[in-house]
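In what follows, a structure is listed as structure tokens, so that the remarks can point back to it.
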Amino acid sequence: MFPLTLGITDPAKDARPPLVFHNTLTRKKERFSPVKDDHVRMYNCGPTVYDFAHIGNLRSYVFADILRRTLHLNGYKVMQVINITDVGHLASDADDGDDKMTLALKREGKPLTLEAMREVANTYTEAFLEDLTALNIKHPSALPRASEHIRADIALIETLIQKEYAYRTASGVYFDTVRFKGYGKLGGIDIEKLKEGARVAVNEEKRSQSDFALWKRNDDLGWDSPWGRGFPGWHIECSAMAMEYLGKEIDIHTGGVDHIGTHHNNEIAQSEAATGKPFSRFWLHNAHVLMEGTKVSKSLGNTVKLRQLKEHGFHPLSYRYWLLTGHYRRQMNFSFNALEGAQTALRRLQRTFAEEFGGARGGRVSEAYALRFLEAMNNDMDTPKALAILWDLVKDAEVAKADKRATLLHFDRVLGLGLKDLAQSRESRVAVDIRREEVDDLPDPIRALVDERERARQEKEWQRADDLRKELTEQGYHLEDTPTGPKVTRV
Ligand code: AMP
Ligand code: ZN
């Protein structure tokens with residue numbers, strides 16, 4: 001619960017700034033309230049675990065984390081589900097071609113078996129969870145795996161066939177988009193145009209080109225179903241898992257903007273056709289991260305993973321900070337220069353917090369700043385503004401140090417920039433000094449290597465920086481980049 005007089009239990013709650021989100025469904029900002037009491041049920045479309053997530057993908061989960069923390073700030077309880085897509089996601093939005101998991105098996109030279117698929121999925125699910133932890137993203141209430149919900153998919157498809165929203169073909173089962181009134185309502189997809197555009201690649205089996213696969217037959221691999229062995233479609237998995245964990249009517253559904261046109265419209269069509277109820281009241285979508293102005297794409301070879309940022313000497317929280325400098329509905333252009341700026345700002349924040357305010361305990365949260373912060377966050381999660389308010393506070397000579405510390409910790413419950421950890425760690429008071437001492441205690445040649453590596457990193461000589469880190473490892477030293485600088489320990 002919000003600890004101040006601004007909390008939801010406060011008698012003066014009408015004075016609180018309303019919580020407003022941009023809803024893709026209505027294409028405007030709307031006041032948010034959950035279907036039931038103060039309990040929010042939220043589904044965030046999860047990763048396809050066929051490879052490491054790239055930093056663009058991770059924006060979706062930093063965004064979902066900020067959303068969950070904002071809901072908490074407003075006194076709501078949140079049931080949050082992020083699914084793990086470990087089967088069925090086709091490489092394109094069309095219904096043909098390989099799915100991404102099969103492509104991963106081929107790429108890694110593994111046999112085409114469900115067991116091998118599970119192995120691949122386990123590897124990348126674990127890596128995804130590590131990325132979430134590194135980015136200070138709270139783990140959700142549930143992380144259902146698509147492969148463990150095949151029966152729910154089959155049951156949902158059976159309902160759709162029974163209600164005549166789905167039809168069988170030689171290759172599986174398709175959803176009949178023409179029968180579902182209002183198909184394409186999310187994002188204002190022009191269904192007529194879609195049909196025209198699809199003339200090029202006509203699939204004879206479909207009644208209409210916008211129809212999509214609910215079940216894909218595959219005689220060699222997959223699960224048994226009334227329609228033969230095979231796989232569920234990617235869209236049906238999300239509908240089935242969302243409804244199983246959160247019920248027929250949910251409050252919020254999220255994903256990247258690329259999901260609006262096909263994946264989310266298909267989820268709406270299947271779910272609403274089956275239940276006759278509105279599926280999700282709010283649909284929120286994060287804009288993409290571009291790489292030096294270009295789309296992130298495997299074929300362009302410009303994907304960057306979180307672990308690569310670490311290798312280049314960036315702390316993962318610097319990436320989180322950088323994301324928060326842009327509004328989630330704005331495209332952001334990633335570059336190492338921009339990230340360097342974010343890292344410098346985060347370092348300054350953490351240092352100031354530890355060095356200047358570290359000893360100032362027992363303060364109170366400044367109500368004036370808390371209100372400004374709440375106003376920014378409640379206005380469709382305006383994180384750039386929230387960060388500006390944070391820096392205003394840091395510089396404000398009128399606020400006592402202890403109160404600044406308390407207020408920064410209050411902000412950090414939403415922003416998640418590691419201040420809470422600094423405050424809790426025993427070494428927090430002098431976190432920065434301790435790290436400096438560790439480096440100072442090093443033998444001269446080792447210190448010279450660390451300094452040279454830091455210089456190379458700052459100059460963006462990545463290869464040289466990597467080589468120097470390897471040399472340090474060979475000499476028996478482990479170098480870790482932290483927001484407050486390099487930390488060196490003996491292995
Ligand atoms: P996927 O693993 O492909 O299902 O994608 C995981 C999430 O990342 C989805 O919510 C996508 O919409 C989102 N996404 C994909 N590319 C980007 C990008 N460049 N920037 C931000 N989000 C992205
Ligand atoms: Zn989904």
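The values are calculated or read from the model by the stated rules, or taken from the named source; none is laboratory data. Note that this is a predicted model, so its numbers are computed, not measured. Neighbour counts are summed over all protein chains in view; Cβ atoms, including those assigned to glycine, are modelled from backbone coordinates with ideal geometry. Each accessible area value is taken on the protein alone, full model and side chains, heavy atoms only, with ligands, DNA and RNA left out. Shrake-Rupley method; radii C 1.70, N 1.55, O 1.52, S 1.80 Å.
In table form, for the structure just shown:
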quantity: Filtered residues of region 284-319 (kept if surrounded by fewer than 21 Cβ atoms within 10 Å (Cβ to Cβ) and small (Gly, Ala, Ser)); calculated: Ala287, Gly293, Ser297, Ser299, Gly301
quantity: Scan of region 240-267 for residues that are touching a Gly at 6+ places or on another chain (Cβ under 9 Å), within 11 Å of ligand 2 (Cβ to nearest atom) and farther than 16 Å from Pro47 by Cα, ordered by number; calculated: Asn266
quantity: Residue in region 251-267 that is over 23 Å from Ile84 (Cα atoms) and either small (Gly, Ala, Ser) or under 17 Å from the mean Cα position of the chain (by Cα) (or both) present; calculated: no
quantity: Near pairs, Cβ below 6 angstrom, 6+ apart or cross-chain, from region 54-83 (under 19 Å from Ala142 (Cβ atoms)) to any residue that is of a type in the set (Phe, Trp, Tyr) and within 16 Å of ligand 1 (Cβ to nearest atom); calculated: Phe63/Tyr328; Val81/Tyr43
quantity: Test set (1) of a type outside the set (A, V, I, L, M); (2) open to solvent by 60 Å² or more (accessible area, probe 1.4 Å); (3) in contact with a helix residue (DSSP H, G or I) (Cβ under 8 Å, 6 or more places away or on another chain); (4) within 26 Å of Gln209 (Cα to Cα) - Glu108 fails condition number; calculated: (4)
quantity: Filter pass, Gly276 being within 16 Å of ligand 1 (Cβ to nearest atom) and modelled with pLDDT of 95 or more; calculated: no
quantity: Cβ-Cβ under 8 Å pairs, at least 6 apart or on other chains, region 227-253 side not assigned by TED's automatic domain parsing to the domain that holds Met101 and open to solvent by 10 Å² or more (accessible area, probe 1.4 Å), far side within 10 Å of ligand 2 (Cβ to nearest atom) and among the hydrophobic types (A, V, I, L, M, F, W, C); calculated: none
quantity: Enumeration of residues in region 156-185 that are among the aliphatic types (A, V, I, L, M) and modelled with pLDDT under 95; calculated: Ala170, Val178
quantity: Meets criteria (at pLDDT 95 or above, open to solvent by less than 10 Å² (accessible area, probe 1.4 Å) and not hydroxyl-bearing (Ser, Thr, Tyr)) for Met377; calculated: yes
quantity: Selection count, region 211-226, where residues are free of Cβ contacts under 8 Å to residues at least 40 places away in the same chain and either open to solvent by 10 Å² or more (accessible area, probe 1.4 Å) or in a strand (DSSP E or B) (or both); calculated: 3
quantity: Qualifying residues in region 233-263 (those that are modelled with pLDDT of 95 or more and among the small types (Gly, Ala, Ser)) - the one nearest to Asp211 (Cα to Cα); calculated: Ser239
quantity: Filter result (surrounded by fewer than 16 Cβ atoms within 10 Å (Cβ to Cβ), within 18 Å of Lys248 (Cβ to Cβ) and of a type outside the set (Gly, Ala, Ser)) within region 120-150; calculated: none
quantity: Scope region 36-82; condition open to solvent by 20 Å² or more (accessible area, probe 1.4 Å), out of contact with any strand residue (DSSP E or B) (no Cβ under 8 Å at 6 or more places or on another chain) and more than 10 Å from ligand 1 (Cβ to nearest atom); matching residues; calculated: Lys36, Asp37
